[in-house]
Amino acid sequence: MSKFKIIMTGGGSAGHVTPNLALVPSLKKSGYDIRYIGSKDGIEKGIIESEKIKYFGISSGKLRRYFDIKNFTDPFNVIKGIFEAKKIIKVEKPNIVFSKGGFVSVPVVIAAKLCKVPVITHESDYSPGLANKISMPFCNKVCVTFPESLKKIKKDKGVLTGTPIREALFKGNKAKGLKICGFSNDKPILLIIGGSLGSVTINETIRSCIDDILIEYNIIHICGKGNIDKNLKNKEGYKQFEYVNDELTHLMYAADVVISRAGANAIFELLALKKPNILIPLSKKSSRGDQILNADSFSRNGYSLVIHEEALSKELLLQKLKEMSNNKDKFINAMNNCEIDNGVKNIVNVIKKYSIK
């Protein structure tokens, strides 16, 4: 019989759910019975239910930084969600609530505070997202991934934990990764990850200089749904995928250098695996700029080379690849000296400390 019960929340994107799942095995080992509150029809519902975790859906309004007619109606959905979450919390009687952010987490965090249940939240990015900014006053502790983030959190609520990384990541196999792609071990591998939807800009730039890259590397290109280039399907040394799931860990183990977006989950997985990398963060035109701050922090610490999207070109990409090839050991040494470890243990320790008996 479990000693404690925890309600987890977070949703809106896989980035708000995957870190929660990384905590689940350790929480279960520590004696926690897990429940999850998410939105009624969000991406998190299917992901969580596939893990056989009891799921509760509530109303939630999206939090926007731009004008939208729904900004006038969504606050009422948030209020409705608070009452729904409060009812669930009163029935389930958790010892603690853990939030990973996303718009659905706000009513859950507020409801927990009203029910006098401790709340721990985690912020992956360098700067807090809007949902976490709203939630922070209702939280007991805010776990952060970047040391610099502590300066942005008031009242000594911040604690540096790192980000939770799934156990499966460390079970990759290089030989399996090579076999999946049909590659031998004759050249180093360049892995390109353009985010869950892929990136047209990155895809086009890679393909514009593919023959130059293939002189030195075999290429694994995860290009996003609908972005396969049929003209390159049989290109020797080049393997395209729209999307990969369980195979990703094997592909990452096979990679010698990685080109990636700069979402916090992705870059801390690269750091954990000590993979030399070139980051191309989402520009401010299509984001709040969090990936730029993430990437700049990794650059300052010597973990990554960075190309800002506005500057991305065939020539600059080839230049940065050459720079990385010549200095891989320097980047690996910097990553080996990083004091931020897998955040699972640190976060679970914070959860244990604040769980009410």
Pair list, Cβ < 8 Å and 6+ apart or interchain, from region 42-55 residues that are in contact (Cβ under 8 Å) with a residue 24 or more places away in the chain to residues that are charged (D, E, K, R) and surrounded by 13 or more Cβ atoms within 10 Å (Cβ to Cβ): 53/35
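For region 149-160, what are the residues that are crowded, with 16+ Cβ neighbours inside 10 Å and either farther than 23 Å from residue 24 by Cα or not assigned by TED's automatic domain parsing to the domain that holds residue 13 (or both)? Walk me through how you get there before you give the answer.
Of the residues in region 149-160, the ones crowded, with 16+ Cβ neighbours inside 10 Å are 149, 152-153, 157-160.
Within region 149-160, 149, 152, 153, 157 qualify.
Kindly check whether there is at least one residue in region 119-127 that is surrounded by fewer than 19 Cβ atoms within 10 Å (Cβ to Cβ), touching a Lys or Arg at 6+ places or on another chain (Cβ under 6 Å) and either in a loop (DSSP other than H, G, I, E, B) or of a type outside the set (A, V, I, L, M) (or both). Can you show your working first?
As a first pass, look at region 119-127 and keep what is surrounded by fewer than 19 Cβ atoms within 10 Å (Cβ to Cβ): 127.
Then keep just the ones that are touching a Lys or Arg at 6+ places or on another chain (Cβ under 6 Å); that gives none.
The answer is no; no qualifying residue exists.
Picking from 46, 61, 102, 38, which residue would you name as being modelled with pLDDT under 90 and not in a loop (DSSP other than H, G, I, E, B)?
On the way: 61 fails: not in a loop (DSSP other than H, G, I, E, B); 102 fails: not in a loop (DSSP other than H, G, I, E, B); 38 fails: modelled with pLDDT under 90.
None of the other options fit; the residue is 46.
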Residues (of a type in the set (Ser, Thr, Tyr) and either crowded, with 17+ Cβ neighbours inside 10 Å or touching a Phe, Trp or Tyr at 6+ places or on another chain (Cβ under 8 Å) (or both)) located in region 168-211: 196, 199, 205
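For the condition within 15 Å of residue 264 (Cα to Cα), polar (S, T, N, Q) and touching a residue at least 40 places away in the same chain (Cβ under 8 Å), what is the one hit in 325, 313, 297? Lay out the reasoning, then the answer.
Numbers: 325 fails: within 15 Å of residue 264 (Cα to Cα); 313 fails: within 15 Å of residue 264 (Cα to Cα).
Answer to the check: 297.
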Qualifying residue in region 342-352 (condition: under 19 Å from the mean Cα position of the chain (by Cα) and not in a helix (DSSP H, G or I)): yes
Index of the failed condition, residue 280 passing every other in (1) in contact with a Ser or Thr (Cβ under 8 Å, 6 or more places away or on another chain); (2) more than 29 Å from residue 121 (Cβ to Cβ): (2)
Qualifying residue in region 261-271 (condition: more than 17 Å from residue 172 (Cα to Cα), touching a Ser or Thr at 6+ places or on another chain (Cβ under 6 Å), outside the structural domain of residue 149 (by TED's automatic domain parsing) and among the aliphatic types (A, V, I, L, M)): yes
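Pull up region 265-288, narrow it to residues that are assigned to a helix (DSSP H, G or I) and of a type in the set (A, V, I, L, M, F, W, C), then point me to the one that is surrounded by the fewest Cβ atoms within 10 Å (Cβ to Cβ). Step through it out loud before you land on a result.
Step one: filter region 265-288 for residues assigned to a helix (DSSP H, G or I), giving 265-273.
Of the ones still in play, those that are also of a type in the set (A, V, I, L, M, F, W, C) are 266-268, 270-273.
Values: 266: 20, 267: 27, 268: 25, 270: 23, 271: 23, 272: 20, 273: 18.
Of everything passing the filter in region 265-288, 273 is surrounded by the fewest Cβ atoms within 10 Å (Cβ to Cβ).
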Filtered residues of region 149-204 (kept if outside any helix (DSSP H, G or I), more than 30 Å from residue 345 (Cα to Cα) and not hydroxyl-bearing (Ser, Thr, Tyr)): 182, 183, 185, 186, 187, 188, 189, 190, 197, 198
Search result, residues across region 208-231 that are out of contact with any helix residue (DSSP H, G or I) (no Cβ under 7 Å at 6 or more places or on another chain) and closer than 23 Å to residue 247 by Cα: 214, 217, 218, 222, 224, 225, 226, 228, 230
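The values are calculated or read from the model by the stated rules, or taken from the named source; none is laboratory data. The structure displayed is predicted, hence computed values, not measured ones. Note that we place each Cβ from the backbone using ideal geometry, even for glycine, and neighbour counts take in every protein chain shown.
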